[in-house]
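The values are calculated or read from the model by the stated rules, or taken from the named source; none is laboratory data. Predicted model, so just to flag it, every value in this text is computed and none were measured. Quick reminder, even Gly has a Cβ in these numbers, built from the backbone with ideal geometry, and neighbours come from all protein chains shown. Accessible surface is based on the protein model in full, side chains and every heavy atom, while ligands, DNA and RNA are left aside. Shrake-Rupley method; radii C 1.70, N 1.55, O 1.52, S 1.80 Å.
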Amino acid sequence: VHEGYAEVITERRAKVLYEAYETHPERFVRKVPTPPTLNTQVWINRPTEEEMKEGP
């Protein structure tokens, strides 16, 4: 994510998952597998709503 490769890696992962599905569809009973979406925010200690309103 920090180096800017997240989107490329997600696209590659989607391709690999689809190829696995094409090769062995019986392994995926519900649907074609997709990689997880990227988070837009990640927190170690999420600020409270009050702190968010106050700003930095």
Return the label of the correct value of Cα extents along the principal axes in Å, as calculated from the structure shown, out of [x] 53, 27, 14; [y] 35, 21, 14; [z] 41, 31, 21. [x]
In Å², what does the accessible area per residue of the chain work out to with a 1.4 Å probe? 103 Å²
Quick check on the chain: helices-only [θ] at 222 nm, where DSSP H runs of length 4 and up contribute -39,500 (n - 2.57) each and the sum goes over total residues. Nearest 500, please. -13500 deg cm²/dmol
Accessible-area composition of the chain, carbon plus sulfur, in percent [1.4 Å probe]: 53 percent
Which listed residue (Ile9, Trp43, Thr23) has the Cα farthest towards the positive end of the charge dipole for segment 5-53, taking +1 on Lys and Arg C-beta and -1 on Asp and Glu C-beta about the Cα centre? Thr23
How far, in nm, would the chain grow between Ile9 and Leu38 when pulled straight, counting 0.36 nm per residue and subtracting the alpha carbon separation? 9.4 nm
